[in-house]
1. Which residues, counting only those in region 40-53, are under 21 Å from Met356 (Cβ atoms) and either touching a helix residue (DSSP H, G or I) at 6+ places or on another chain (Cβ under 9 Å) or surrounded by 13 or more Cβ atoms within 10 Å (Cβ to Cβ) (or both)?
2. Need at least 3 residues that are polar (S, T, N, Q) per element, so show me which helices (runs of 4 or more DSSP H) inside region 81-196 make the cut, counting only ones lying wholly within it.
3. Working only within region 14-28, note down all residues that are at pLDDT 90 or above and out of contact with any Lys or Arg (no Cβ under 7 Å at 6 or more places or on another chain).
4. Please enumerate the residues belonging to region 126-181 that are acidic (Asp, Glu) and buried (at least 21 other Cβ atoms within 10 Å of the Cβ).
5. With the structure loaded, tell me whether Arg414 is over 21 Å from Leu287 (Cβ atoms) and either at pLDDT 90 or above or under 27 Å from the mean Cα position of the chain (by Cα) (or both) or whether it fails that test.
6. For Ala56, indicate whether it is assigned by TED's automatic domain parsing to the domain that holds Leu175, touching a helix residue (DSSP H, G or I) at 6+ places or on another chain (Cβ under 6 Å) and at pLDDT below 85.
7. Take Glu210 and decide whether it is acidic (Asp, Glu), at pLDDT below 85 and under 23 Å from the mean Cα position of the chain (by Cα).
Amino acid sequence: MTNTEGSGRAWIGPVLIAMGASGLSQGFGRLTFAFVLPSMVPGLVGSFSAAGTLAAVNLAAYLVSVLAMISLSSRVEATRLLRLGLIFSVAGLVAAGVAPNYEMLVGSMILLGFGSGISWIACVPIVTAHAPMERRGVAFGVMHAGIGLSAVLIGLLAWFVQSLFGSDAWRPVWLIEAIIGIAILALVVGRLKPVGRQAPRVKAVSGSAEHTAHRFPRNLRWLFIGYGLFGVVHALYISFLISALRTDAGLSIGQSAQVYSVLGLLNVAGGVTLGRASDAVGRRAILVGSLVTMSACAFVIPSASDGVALISGATYGLLMSGFSTVVIAYIGDVLSQDQVAAKYSIITAAVGLGQMVGPPIGGALADATGTFRSTYMLASAVALVAAAAAAMLKSNTSSREGRGPNRPCGHRQR
């Protein structure tokens, strides 16, 4: 049953399940390693270089699975793909928890990368199918909040495990997450119904719907550019934040860590906040405004006082998850649920590539100049270019503002 056939609050249950799935795959699957890394390096991992290889393997597997979903998502029903992705994720968590050697850790990172990519892309058409258009921004915000909530839970689990078993304990963290993952997988299998297929919405604007449904819409090419540039901005801002605040802004380690903590806390609420705002005022306005604000957040970091740094971190934390939420909602508005996953896979690959390109460039600038000022000026400038790309998108407004629930945003009927 699609969102147009449902009523009331029936969409909330499936969206909450998608939130759990995103927390498992994107949160546990991609963030746990950073929390337990200090405990893993002295023993099984051996060095931070080897740890870097594990992180790179995880990201590479994620990107491979995202690219594979371009084809798979149009052939396999979304809930079946979600089950497959979560099986990969649970298997990866178990493998990481019991790994006797580095090679098995590499295998676990590959499984977790595959699981995160498949599950994340599969969640998008599921939410699109269940949430009514006028609630879709909020729905994707709730889905995205699963990542932030899982990050909080990982921190609590790491503290709990190490308080019981010592500061070098890390295996129980992975295994407890695997148990939680099995429960989420059981919910998906038992409670999440398959989503139906829709006729492509592009029939309203094209004489050849079949041809148009398989090409990348021109309107989304600007989103591809803007989201890819956002990946660069995000990688530059996050990767060097603590170092820039300490070396350039002169803040203490405690003050710098506080900024990072506030950023993470606001990240939990960002998806719902900006998603709701985009339901009210339109997706394009929120995308452009977010990128311009991100530019300001990056610009002030090298010379920020403690208060300014906190404002920058809090604002960026709110925007980083909210921006991605609105991107997904925009795609869900202009395409049918059968097209969403494939096109979102392409756009997700763009942001992944941006995140890979950003840190080496930012690090090289810092090494060459002896300061992070040029790194953050670059981030600020790239955010403005991304805002210009987002401004080229067709304007989207919610169905509350004059559009019936079945009429796709961003398209005009002839």
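The values are calculated or read from the model by the stated rules, or taken from the named source; none is laboratory data. None of the values given here were measured: they were computed from a predicted structure. Positions of Cβ are generated from backbone atoms using ideal geometry, with glycine treated the same way; all protein chains shown enter the neighbour counts.
1. Pass one, region 40-53, residues under 21 Å from Met356 (Cβ atoms): 48-53.
Matches in region 40-53: Phe48, Ala50, Ala51, Thr53.
2. Working: elements: 102-130, 136-165, 171-191.
It comes to 102-130, 136-165.
3. Pass one, region 14-28, residues at pLDDT 90 or above: 14-25, 28.
Pro14, Val15, Leu16, Ala18, Met19, Gly20, Ala21, Ser22, Gly23, Leu24, Ser25, Phe28 - these are the residues of region 14-28 that are at pLDDT 90 or above and out of contact with any Lys or Arg (no Cβ under 7 Å at 6 or more places or on another chain).
4. Step one: of region 126-181, the residues acidic (Asp, Glu) are 134, 168, 177.
Scanning region 126-181 gives a single hit, Glu177.
5. On the way: over 21 Å from Leu287 (Cβ atoms): yes; either at pLDDT 90 or above or under 27 Å from the mean Cα position of the chain (by Cα) (or both): no.
When the stated conditions are applied, Arg414 does not pass them.
6. Numbers: assigned by TED's automatic domain parsing to the domain that holds Leu175: yes; touching a helix residue (DSSP H, G or I) at 6+ places or on another chain (Cβ under 6 Å): no; at pLDDT below 85: yes.
It is false that Ala56 is assigned by TED's automatic domain parsing to the domain that holds Leu175, touching a helix residue (DSSP H, G or I) at 6+ places or on another chain (Cβ under 6 Å) and at pLDDT below 85.
7. It is false that Glu210 is acidic (Asp, Glu), at pLDDT below 85 and under 23 Å from the mean Cα position of the chain (by Cα).
Per-residue answers, yes or no, for (1) over 30 Å from Ser71 (Cα atoms); (2) of a type outside the set (Asp, Glu); (3) more than 16 Å from the chain's Cα centre (by Cα); (4) crowded, with 23+ Cβ neighbours inside 10 Å:
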position	(1), (2), (3), (4)
Val281	yes, yes, yes, no
Val300	yes, yes, yes, no
Ala314	yes, yes, yes, no
Tyr344	no, yes, no, yes
Gly354	no, yes, no, no
